[in-house]
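Read-outs throughout are calculated quantities, based only on the coordinates presented, and are distinct from any laboratory measurement. Note that the coordinates shown come from a computational prediction; the quantities given were computed from them, not determined experimentally. All Cβ positions, even for glycine, are placed from backbone atoms using ideal geometry, and neighbour counts span all protein chains on display.
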Amino acid sequence: MIRLGRISYVNMAPVFHRLTSDVEEVTGVPTELNRMLVEGDIDIAPISSIAYARDASRLRLLPRLCVSSEGAVDSIQLVTRLPLGRVKSVAVTPESATSVVLTKVLLPRAEIVPLERWPDADAKLLIGDAALQSAFNDPTPHHDLGRLWLERTGLPMVFAVWAAREPVVDGLLELQEALVASVRLARSEPEVLAHEASERYGYPPGFLARYFEKLRYSFGPRERAGLYTFLEMARDVGELGQVPELRFLRDEPSATEHGDVPVPALEASATGEHEPA
């Protein structure tokens with residue numbers, strides 16, 4: 001049985017909405033799943049995009065799925081006591097890897113400190129359900145990192161990719177098809193998705209319906225270009241030794257568009273679907 005990682009946040013609800021595959025679900029925050037996949041405790045998982053880049057030589061990607069946004073995502077928030085341009089220190093959550101690096105990319109002069117130092121820091125980084133709850137409860141100004149990234153680059157931000165550890169187990173391509181089918185069904189019945197997710201996670205259905213509209217799960221050309229741009233910028237701020245090529249579970253029909261390709265081929269692509277096709 002495939003051991004499938006599941007991020008414990010509500011953003012996974014569409015992907016697991018009606019997953020029919022017989023799998024062993026292993027739930028954790030992104031940094032936990034990153035570690036478990038590399039150590040071989042699970043077979044496949046949505047992991048932080050920066051974590052994939054750091055271990056790309058022993059991982060393979062599912063070619064059709066990621067977790068991204070093109071603009072505001074709501075669940076990744078920088079909460080600031082000062083205007084953004086005056087922030088000199090950011091207390092960051094231990095649950096995320098990509099968002100911490102994204103903070104360094106967007107605020108390269110700010111000192112990064114543990115979340116416990118928030119009382120002394122100018123800002124704090126929250127992700128997932130904690131970020132969503134903070135937007136409800138805290139009047140302190142919030143800055144959405146997905147929106148800041150789009151303003152900086154004009155590209156989607158890929159927060160997580162679906163990766164498998166080599167040697168890969170059998171059945172992963174079939175599992176990918178089941179995950180894609182679940183997303184499609186979730187999109188076709190948004191009210192059902194919102195109400196069921198509300199029962200599980202406790203947020204109002206209307207709020208979740210709007211939140212799910214902002215999430216993207218297709219790993220198309222624009223998402224790949226956005227990912228490469230992020231990895232290049234992560235390298236430039238010292239968070240990545242080199243930018244790896246994307247290595248997929250199998251080559252797709254067009255090697256120049258979907259295979260293990262260099263940056264220019266992706267940057268030349270101008271369009272991409274918002275949902276898995």
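Here the contact order of the chain, divided by its residue count and restricted to Cα pairs under 8 Å and six or more residues apart, works out to 26 percent.
Hey, with R₀ at 35 Å, roughly what FRET efficiency would Ser188 and Glu166 work out to, going by the Cβ-Cβ distance, to 0.05?
Values: r = 35 Å, r/R0 = 0.99.
Given R0 = 35 Å and the Cβ-Cβ separation, E is 0.50.
Karplus-based coupling profile of region 67-72, in residue order and whole Hz: 10, 8, 8, 10, x, 4, with θ = phi - 60° in 6.51 cos²θ - 1.76 cosθ + 1.60 and x standing for Gly or Pro.
For the chain, rounded, prolate or oblate, judged on the Cα gyration tensor with a ≥ b ≥ c (square roots of eigenvalues), a/c < 1.5 rounded, else prolate if a/b > b/c? It is oblate, given that a/c is not under 1.5 and a/b is not larger than b/c. Given a Förster radius of 25 Å and the C-beta distance between Ala178 and Ala135 as r, what FRET efficiency does 1/(1 + (r/R0)^6) yield to the nearest 0.05? Given R0 = 25 Å and the Cβ-Cβ separation, E is 0.20. Applying 1/(1 + (r/R0)^6) with r as the Cβ-Cβ distance of Glu199 and Arg109 and R0 = 45 angstrom yields a FRET efficiency of 0.55. Beta-bridge orientation, the chain: approximately 60 percent antiparallel, per DSSP, counting only bridges with both partners inside.
The simple spin-label model puts a point 7 Å past each Cα toward its Cβ; for Arg152 and Arg18 those points are separated by 3.9 nm.
About its Cα centre, region 195-244 has a charge dipole of approximately 140 debye under the convention of +1 per Lys or Arg Cβ and -1 per Asp or Glu Cβ, with nothing else charged. Over region 9-110, Cα pairs under 8 Å with separation of 6+ residues give a relative contact order of 30 percent. In region 113-176, the inverse of the mean reciprocal separation of distinct Cα atoms equals 15.4 Å; this is its Kirkwood hydrodynamic radius.
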